[in-house]
Every structure is written in C-alpha cells, then in structure tokens.
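The values are calculated or read from the model by the stated rules, or taken from the named source; none is laboratory data. This is a predicted model, so every value here is computed, not measured. Cβ placement follows ideal geometry from the backbone for every residue including glycine, while neighbour counts extend to all protein chains displayed.
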Amino acid sequence: MLLPSNHPLYSLLFLFFLHNLPPYTAARPAPEFPWKQLTETTVNNYHHYFYNRFLNSRRGSHVSGLSEIKRYFHHFGYLTFEAHYNISDDIFDAPLESAILHYQSKLGLQVTGKLDFDTLTQVLSPRCGVPDKQPSPTLHATKNYVFFPGKPRWARRIPMTLTYGFSPDNMIRSLSLSDIKEAFKLAFSTWASVIPVNFVEADDYGFADIKIGFYSGDHGDGEPFDGVLGILAHSFSPESGKFHLDAAETWAVDFEVEKSSVAVDLESVAVHEIGHLLGLSHSPVKGAVMYPSLKPREKKVELSVDDIQGVQSLYGSNPNFTFSSLLESDISANRAADLRFESSLWAISMILAASFL
Ligand SMILES: *[C@@H]1O[C@H](CO)[C@@H](O)[C@H](O)[C@H]1NC(C)=O
Ligand SMILES: *[C@@H]1O[C@H](CO)[C@@H](O)[C@H](O)[C@H]1NC(C)=O
Ligand SMILES: [Zn+2]
Ligand SMILES: [Zn+2]
C-alpha cells in the first residue's frame, strides 16, 4: 500500500542550518534506504552536489549518481520497469524520462521530462512517505483529489464516530502530551467540520480505530523512517488506522517557541495524514493539504476546496458545513500561498547564485 521516502531542503534557512542527519537507531538492521548515499552526505555538500550534478540532465545523459534518483522515483511509484531493467546504472533512459514526466504532472510542476530546477527542488523537499499513486484514467478534468485504488473508506453507517489513541510506548518527550493531544484534536476537528464523521480520543489505545505513534528508523512495517526531514510521517488507507510519525523530526506546535530551522508543524502533518486515513491520496494541487510535501516551519492546516470535495465524495457533507463561506477564504488563501511560493523560490535562486560564485 503505502510507503515512505526521502529528502530535505527547501527554504533558505535550510540550506545553511541543516547539517547532520542523525544516525539510524534501529534495534535490528534497517532495510537499506534506497537513496541512502545521498542522504548521508552533509546537506550543504549534498545540495551543491545535487544541483551541480543533475541540473538539466535529460534523456541520453549519463550522470554518475543518477541511479539514486531512479531509486527515489521507483520508491514513490513513478519508475516502473521490467524484470531485466538495471536500476543501478546511471543512464537517463526512457523509463526515467517517463517517470519524471509523470512526477511533474502529478506534482503540478512544468512538464519537461528533464531534471530542471523546480523538479530537483521538489525531490529535495521534505514530504509524506506515502507514495503518489497515479490517479485513475477516468478522473474528471476539474477534479484533482485522488483516492487509493479501490476507493476504500471507513465502511460504517453515517454519521460515524472513529476513535483515536496514542501509543503509550511511542511518544516523544520534546513536546508535552497535552500539546501533542491538542494538535491532533485540532487536526481531527478540521476534517470533522466538513464530513459527518466525529473523532474522539479512545480510553484504551488497544481498541482505538486510529493508532498514533512516533517511531525511529525501521519500525517493523517495512517503511523505515530516515532521520531529520526527508520523510516526515506516513499513514495507511482505510481501515488500517495506522498513523506513524518520524520521531527524529523537530516536531513543533508553536514556531515562536520552537526556533529550529528544521522544525515541522505537528498539526499540519496530522491534517495531511488524517486525509490518508480517511481514504484520500496525494493531490497535485499545491495549496491542498493533500499535496505530498511540506516545508520546514510551514503551517498548512486549512482544507482547500480540493481536499473538501475529495473527502465529501467519500463520506458526504457534514450538514453543518456550507461551501460558500469557505470558497471566499480559500481563494484568498491560495493567492497568498502562490505569492509565498514564488518569493521563496526566488530566494533560493539567489542563494544558489551566490553560492556558485
Ligand atoms: C547494473 O549496472 C551496474 C552499474 O553500471 C553494474 O555494475 C551492474 O553489473 C549491472 N548489473 C547487471 C545485472 O547488469
Ligand atoms: C451540527 O451542529 C450541531 C449544533 O452545534 C451539533 O449538535 C451537531 O452534532 C453537528 N452535526 C455534526 C454532524 O457535526
Ligand atoms: Zn501523504
Ligand atoms: Zn510506519
């Protein structure tokens, strides 16, 4: 079903402050991380390495290290190949080109088939570990939200109540339990306000429908976490209820308090992962909470029209919800988000230009 993945980098602070990726702390040998060689390099070097080496490579190019990029695309479900295919070679071949075309269209990037700047930047962005599944071929042109294969949802009578619990043995100490619970409570209520589904914290973790915990490295589901940034969390489609967060992240509930440049907003990640738990897959809409990546220190907790239409087509609408009020605020929020996106790209370009001098 769903897996984790990779890499860091986005905002400018990032480029300078992200130094060491923490070691794996798995009790038993972790499955090899597919692009491990790249993540092991310090991020400053890594960043230079990455852009210098791969920028504008295209079909026919032979670039040392390209096999790592192939593993990345393979991991997220973009690079599919026949049994005889050798993923370890560094040739930019037709399957890689088609993987990149697919990735670019799935993530709302310009579709060039090349490893251009925006594509490399997206590959470097921290993200959800769930692979980006291809939308069904009959997807309506105006809809962007995507479901998991078979369109699974919680098959209970509507209105329904789902319970959630926190694994007592898999919590983090950098935040208080009450702060953690509050972030999740807000995230669940965000979804509950648009669909006839109510979420309540279970008294007994063992019986909760949704089981939440923080894990490091390999934690037994074949989807190891990778340390700071890269993969932030993953969760599973209905009715699994498993919700795992990477314990190595600097989780934050308030950026005024948590000043780290690699801090990740807990509520934003919770809102995204709850979308998966309800049956939504990744959306190509950059403003949607179901878009797969999230920058460090970014807060994205409001559902977009795309998220709402997606989840309501699974569960119907909450009778208390009206679209008209939301549309207004959504449109202005999207405009603001586009502006922010442009200015951060601009800043990155500036820094890149400076660092190459
Ligand atoms: C795959 O490619 C790598 C790198 O070029 C090479 O070392 C390896 O022998 C190849 N494997 C096969 C099965 O051809
Ligand atoms: C709608 O709002 C009423 C009044 O606040 C509340 O009692 C009811 O539970 C809400 N319905 C749903 C499905 O959330
Ligand atoms: Zn996701
Ligand atoms: Zn897991």
| note | Listed by first then second residue, the pairs whose first member lies in segment 84-100 and is in the same structural domain as Glu68 (by TED's automatic domain parsing) and among the hydrophobic types (A, V, I, L, M, F, W, C), whose partner is within 16 Å of ligand 3 (Cβ to nearest atom) and assigned to a loop (DSSP other than H, G, I, E, B), with beta carbons under 7 Å and at least 6 positions apart or on separate chains, are Ala99/Tyr78
| request: State whether one or more residues within segment 246-254 are surrounded by 24 or more Cβ atoms within 10 Å (Cβ to Cβ), outside any strand (DSSP E or B), away from ligand 2 (no atom under 16 Å from the Cβ) and touching a residue at least 60 places away in the same chain (Cβ under 8 Å). | output: yes
| task | Answer with yes or no whether Asp221 is away from ligand 1 (no atom under 16 Å from the Cβ), touching a residue at least 12 places away in the same chain (Cβ under 8 Å), over 24 Å from Ser189 (Cα atoms) and surrounded by fewer than 24 Cβ atoms within 10 Å (Cβ to Cβ). | result | yes
| request: Kindly indicate whether any position in segment 202-215 is within 16 Å of ligand 3 (Cβ to nearest atom), in contact (Cβ under 8 Å) with a residue 24 or more places away in the chain and within 15 Å of the chain's Cα centre (by Cα). | output: no
| Before we move on, is His102 within 29 Å of Gly287 (Cβ to Cβ), part of a helix (DSSP H, G or I) and modelled with pLDDT of 90 or more? | yes
| Flag if His282 is within 27 Å of Gln110 (Cα to Cα), in a helix (DSSP H, G or I) and within 15 Å of ligand 3 (Cβ to nearest atom) | no
| Hey, among Ser237, Ser261, which residue is over 19 Å from Pro168 (Cα atoms) and within 16 Å of ligand 4 (Cβ to nearest atom)? | Ser237
